[in-house]
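Scroll down for the structure; my scribbles are underneath it.
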Amino acid sequence: ENFIHLCNPHLEKMKEDILYHFALGTGTHDFPALFGDVKFVCVGGSPSRMKAFITYIAEELGLGSPGCDYPNICAGTDRYAMYKVGPVLSVSHGMGIPSISIMLHELIKLLYHAKCSNITIIRIGTSGGIGLEPGSVVITRQSVDATFKPQFEQVILGKTVIRSTNLDEQLAKELMQCSKEINQFNTVIGNTMCTLDFYEGQGRLDGAICLYNEEEKLQYLKEAYDSGVRNIEMESSVFAAMCNLSGVKAAVVCVTLLNRLEGDQISSSHDVLVEYQQRPQKLVGYFIKKSLGKV
């Protein structure tokens, strides 16, 4: 049994642990009863997408009745949304490193207090592609920073701390195999660049501020491509670092909404974007079904 490893000796001394941003606490909620059977955790930016995912996975696993509504477990707060069906937990994390980091601290503690074991956490999301057809799905090999280094840098007590951003290689291969079995959309394994911003940090020309030209932008994106980067988003580095430290198997599966070598604005129609966003859900849904022997 592979249990969650908490890198914090102080938690042992606390009578009660309040997960403030989830509106849950060990003094008010029975974590093992509520979450003890969880094996798969899927996280993504938007609350509505994570609700759509739980509805989809419930249907796929034959656990829900049509039109069934899944209550938001974090209804006491509007920071994050959380849904559960059977062994699957679906949680929103907002946009960017700070938002997902806060969520992950509390999620990892939740799984620890619930005495969960053999957990797989997968981020399903959207991204900008580099040199890929829009709608392609990228399974992350390594998350790299904006200088293409596979690391997450954080200042703690005034000192810079650098953490590894490696993800589970075997899990990435299993997800790739699942994509071949579904055979519905282009999927690649590649590096994912995690930035601190959507505009300047990703070399866009369409933000409120831009002090570089198109040539410089394209040179940067081509350098990223040559270093193995296939997509850009804003959460994978801290996600990989925190899952590593907690001993949790983790993967990042993101669809690309556009090819950044061809533009900056996301101009596909609403219906096309909705279908693109369902691709990581389909892939991860199939992986969960297969893992549970339901394919």
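The values are calculated or read from the model by the stated rules, or taken from the named source; none is laboratory data. Note that this is a predicted model, so its numbers are computed, not measured. Here the Cβ is made from the backbone with ideal geometry for all residues, glycine too, and neighbour counts use every protein chain on show. Heavy atoms of the whole protein, side chains included, go into the accessibility calculation; ligands, DNA and RNA do not. Shrake-Rupley method; radii C 1.70, N 1.55, O 1.52, S 1.80 Å.
Return yes or no: is Glu153 charged (D, E, K, R), in contact with a strand residue (DSSP E or B) (Cβ under 6 Å, 6 or more places away or on another chain) and open to solvent by 80 Å² or more (accessible area, probe 1.4 Å)?
Values: charged (D, E, K, R): yes; in contact with a strand residue (DSSP E or B) (Cβ under 6 Å, 6 or more places away or on another chain): yes; open to solvent by 80 Å² or more (accessible area, probe 1.4 Å): yes.
Here the answer is yes, as Glu153 does meet what is asked.
The number of residues in the stretch 194-206 being surrounded by 14 or more Cβ atoms within 10 Å (Cβ to Cβ) and either acidic (Asp, Glu) or assigned to a helix (DSSP H, G or I) (or both) comes to 3.
Evaluated against (1) over 24 Å from Leu104 (Cα atoms); (2) in contact with a Leu (Cβ under 7 Å, 6 or more places away or on another chain); (3) surrounded by 20 or more Cβ atoms within 10 Å (Cβ to Cβ), Val253 falls short on exactly one condition, (1).
For the stretch 9-36, enumerate the residues that are free of Cβ contacts under 8 Å to residues at least 40 places away in the same chain, in a loop (DSSP other than H, G, I, E, B) and surrounded by 11 or more Cβ atoms within 10 Å (Cβ to Cβ). Break it down into steps so the answer makes sense when it comes.
Step one: filter the stretch 9-36 for residues free of Cβ contacts under 8 Å to residues at least 40 places away in the same chain, giving 9-10, 12-16, 18, 25, 27-30, 33.
Adding the requirement that they be in a loop (DSSP other than H, G, I, E, B) leaves 14-16, 27-30.
Scanning the stretch 9-36 gives His29, Asp30.
Identify all residues within the stretch 37-75 that are hydrophobic (A, V, I, L, M, F, W, C), closer than 26 Å to Gly25 by Cα and not in a helix (DSSP H, G or I); write none if there are none. Across the stretch 37-75, the qualifying residues are Val38, Phe40, Val41, Cys42, Val43, Ile73, Cys74, Ala75.
For Gly293, state whether it is of a type outside the set (S, T, N, Q), open to solvent by 30 Å² or more (accessible area, probe 1.4 Å) and free of Cβ contacts under 8 Å to residues at least 60 places away in the same chain.
Details: of a type outside the set (S, T, N, Q): yes; open to solvent by 30 Å² or more (accessible area, probe 1.4 Å): yes; free of Cβ contacts under 8 Å to residues at least 60 places away in the same chain: yes.
Yes: the conditions hold for Gly293.
Selection of the stretch 207-225 for residues being over 19 Å from Gln142 (Cα atoms), open to solvent by less than 50 Å² (accessible area, probe 1.4 Å) and either of a type in the set (A, V, I, L, M, F, W, C) or in a loop (DSSP other than H, G, I, E, B) (or both) yields Gly207, Cys210, Leu218.
With the structure loaded, tell me whether Ser267 is surrounded by fewer than 24 Cβ atoms within 10 Å (Cβ to Cβ), among the hydroxyl-bearing types (Ser, Thr, Tyr) and free of Cβ contacts under 8 Å to residues at least 12 places away in the same chain or whether it fails that test. It is true that Ser267 is surrounded by fewer than 24 Cβ atoms within 10 Å (Cβ to Cβ), among the hydroxyl-bearing types (Ser, Thr, Tyr) and free of Cβ contacts under 8 Å to residues at least 12 places away in the same chain. If the condition is being farther than 22 Å from Ser46 by Cβ, surrounded by 17 or more Cβ atoms within 10 Å (Cβ to Cβ) and basic (Lys, Arg), then the stretch 109-150 contributes Lys109, Arg141.
Name the residues in the stretch 170-193 that are open to solvent by less than 20 Å² (accessible area, probe 1.4 Å) and in a helix (DSSP H, G or I), would you? Scanning the stretch 170-193 gives Leu171, Ala172, Leu175, Cys178, Ser179.
Answer yes or no as to whether Lys282 is basic (Lys, Arg), open to solvent by less than 60 Å² (accessible area, probe 1.4 Å) and in contact with a helix residue (DSSP H, G or I) (Cβ under 7 Å, 6 or more places away or on another chain).
On the way: basic (Lys, Arg): yes; open to solvent by less than 60 Å² (accessible area, probe 1.4 Å): yes; in contact with a helix residue (DSSP H, G or I) (Cβ under 7 Å, 6 or more places away or on another chain): yes.
It is true that Lys282 is basic (Lys, Arg), open to solvent by less than 60 Å² (accessible area, probe 1.4 Å) and in contact with a helix residue (DSSP H, G or I) (Cβ under 7 Å, 6 or more places away or on another chain).
Of everything in the stretch 10-69 that is more than 25 Å from the chain's Cα centre (by Cα) and among the aliphatic types (A, V, I, L, M), the residue that is farthest from Cys254 (Cα to Cα) is Met14. As a summary of the residue check, Gly76 satisfies the conditions (1) farther than 21 Å from Ala251 by Cα; (2) open to solvent by less than 60 Å² (accessible area, probe 1.4 Å); (3) touching a residue at least 40 places away in the same chain (Cβ under 8 Å) except for the one numbered (2). For the stretch 220-240, filtering for residues that are of a type in the set (A, V, I, L, M, F, W, C), under 24 Å from Leu104 (Cβ atoms) and over 12 Å from the mean Cα position of the chain (by Cα) leaves 2. Within the stretch 200-214, residues that are farther than 13 Å from Arg260 by Cβ sit with their Cβ atoms under 9 Å from residues that are among the basic types (Lys, Arg), at 6+ positions apart or across chains, in these pairs: Cys210/Arg204; Cys210/Lys217.
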